[in-house]
1. Just checking: which of the strands (runs of 3 or more DSSP E) contained wholly in region 1-81 hold 1 or more residues that are closer than 27 Å to T174 by Cα and at pLDDT 95 or above?
2. Does any residue in region 43-57 that is in the same structural domain as T106 (by TED's automatic domain parsing) and buried (at least 19 other Cβ atoms within 10 Å of the Cβ) come within less than 7 Å, Cβ to Cβ, of a residue that is β-branched (V, I, T) and assigned to a loop (DSSP other than H, G, I, E, B) six or more places away or on a different chain, and which pairs are these?
3. Mind telling me which of the residues G144, G102, G139 ends up being part of a loop (DSSP other than H, G, I, E, B), surrounded by fewer than 21 Cβ atoms within 10 Å (Cβ to Cβ) and at pLDDT 95 or above?
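The values are calculated or read from the model by the stated rules, or taken from the named source; none is laboratory data. Bear in mind the structure is a predicted one, so any value in this text is a computation, not a measurement. No Cβ is skipped: glycine too gets one built from the backbone with ideal geometry, and neighbour counts run over all protein chains shown.
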Amino acid sequence: MGEESMRADGAQRSDGAPHADGAQRADGRRPADARDAAVWDAAATVMDPEVPVLSIADLGVLRRAELLADGTALVTITPTYSGCPAMDAITADVHRALTTAGFERTRVELTLSPAWTTDWMSDEGKEKLREYGIAPPTGSAPAGPKGPIPVSLSVPCPRCRSLRTRELSRFASTACKALYQCSDCHEPFDYFKVH
């Protein structure tokens, strides 16, 4: 039976030990505990429906996974932005992946805090984007409004690697991407915006 929730409930871990703050740290890393890692591994097979070469782990959307004391496989995901239309599909796919892996009870929690950042994307995921024809984010998201905001002077073309590119539109196939065109190979491409 699958459940969806927007908040943690302070449940205990599968080994019966409560977490210090009532919930496992949601740091986007595969858990060391074998039972929790099995939940993570099942959830990490889910691909992003908008960029099907990226898993939700590559994208940094998968934040935590654990097996609770009652046998519930709990997964926490963070959308790339609060209105991301892919989250319903991702949630359903996570439930399906967990069930397929043998977990009878599943729960997927969506969390908006901390907000997702492109810094959470794996290096492997960024390379997969490039190979797919989407320029990966460059640089890091700013930590806060401290001083000037760094501006990327060019976005490399994912096809020919030229730096002679220009932005055509701030929004592309999804709100988290911008549309660019290469001045050398003349191909348009999506750029995954830094945020």
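1. The qualifying strands (runs of 3 or more DSSP E) are 62-67, 72-77.
2. S55/T45; S55/V46; I56/V46
3. Going through G144, G102, G139 in turn, the sole match is G102.
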